[in-house]
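J.: Structure provided below as structure tokens; questions to follow.
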Amino acid sequence: MALQRHDDETPLHGIPMDEDAFERLIAGETSYKYELIDGMLYDMTGSSPKHSDIAGQIDFQLKLQLGRSGPCRVHRDQFVAIPGHTPFCPDVVLTCDRGDWDDGKTSRPYRIQSPLIVVEVLSPSTEKYDRADKFAHYRLCPTLEVYVLANQYEPRIEIYRKENAWQQEIFTSGQTAHLDQLDLELDVDKIYEGVFDAES
């Protein structure tokens, strides 16, 4: 997250916090990526190299296919507004609402209001939440069409589409997921290229 860091700042993690305090926290100058889960504050900063690589490859694939001429943009670690809930900060989010990135807003924290595709890379500490409660909250966004979960330990992505009643579709090595809403695709082998090299 491209935020200024205070040298003496230390991350807050696993402490109770109400929504008003959370909003004040993320509106301030912080280099940490926070989310409020069931009334507890969690620091999501400092993901593993694999986590970062996978999110980066998905971000790159989508940007490469979209180009820069249309209204759609892909963002990393950007807050997404959730109706009736504090915002989440997914690993990758795609919006096709020009107002989400081209309106000159400077207020903090900046929020994507119209997410079309949201991507979360699964981590052991958050996988259960990403699959259940967080997914349920994301579905409150009326513009959301596709939710993607990427596995960190094997080449596997899960696609959930609104048009398919949010049913799970699994794609593994050698397969490509087609996102027809924007004529995009996610090639599993490209996403995981080099991710597991150190293990071989």
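The values are calculated or read from the model by the stated rules, or taken from the named source; none is laboratory data. The shown structure was predicted, so the numbers you read here are calculated from the model rather than taken from an experiment. With ideal geometry, Cβ positions are generated from the backbone for all residues, glycine too; neighbour counts draw on all protein chains shown.
J.: Kindly list, by first and then second residue, each pair from a residue in region 128-141 that is outside the structural domain of LEU116 (by TED's automatic domain parsing) and touching a residue at least 12 places away in the same chain (Cβ under 8 Å) to a residue that is outside any loop (DSSP other than H, G, I, E, B) and among the basic types (Lys, Arg), limited to pairs with Cβ atoms under 7 Å and residues at least 6 apart or on different chains.
T.: Listed by first residue and then by second, the contacts come to nothing, as the list is empty.
J.: Collect the residues in region 45-62 that are in contact (Cβ under 8 Å) with a residue 60 or more places away in the chain and not charged (D, E, K, R), keeping them in residue-number order.
T.: SER47, SER48, HIS51, ILE54, ALA55, GLN57, ILE58, GLN61, LEU62
J.: Need pairs with beta-carbon distance below 8 Å; first residue more than 23 Å from LYS33 (Cβ to Cβ) and within region 63-78, second at pLDDT below 90 and surrounded by 15 or more Cβ atoms within 10 Å (Cβ to Cβ); sequence gap 6+ or separate chains.
T.: LEU66/LEU182; CYS72/LEU182
J.: Of everything in region 144-169, what is touching a strand residue (DSSP E or B) at 6+ places or on another chain (Cβ under 6 Å) and of a type in the set (Ser, Thr, Tyr)? Give them in sequence order.
T.: Listed by number, the residues that qualify are TYR147, TYR160.
J.: If a residue must be modelled with pLDDT of 90 or more, hydrophobic (A, V, I, L, M, F, W, C) and within 15 Å of VAL118 (Cβ to Cβ), how many such residues does region 55-80 contain?
T.: Qualifying residue count, region 55-80: 6.
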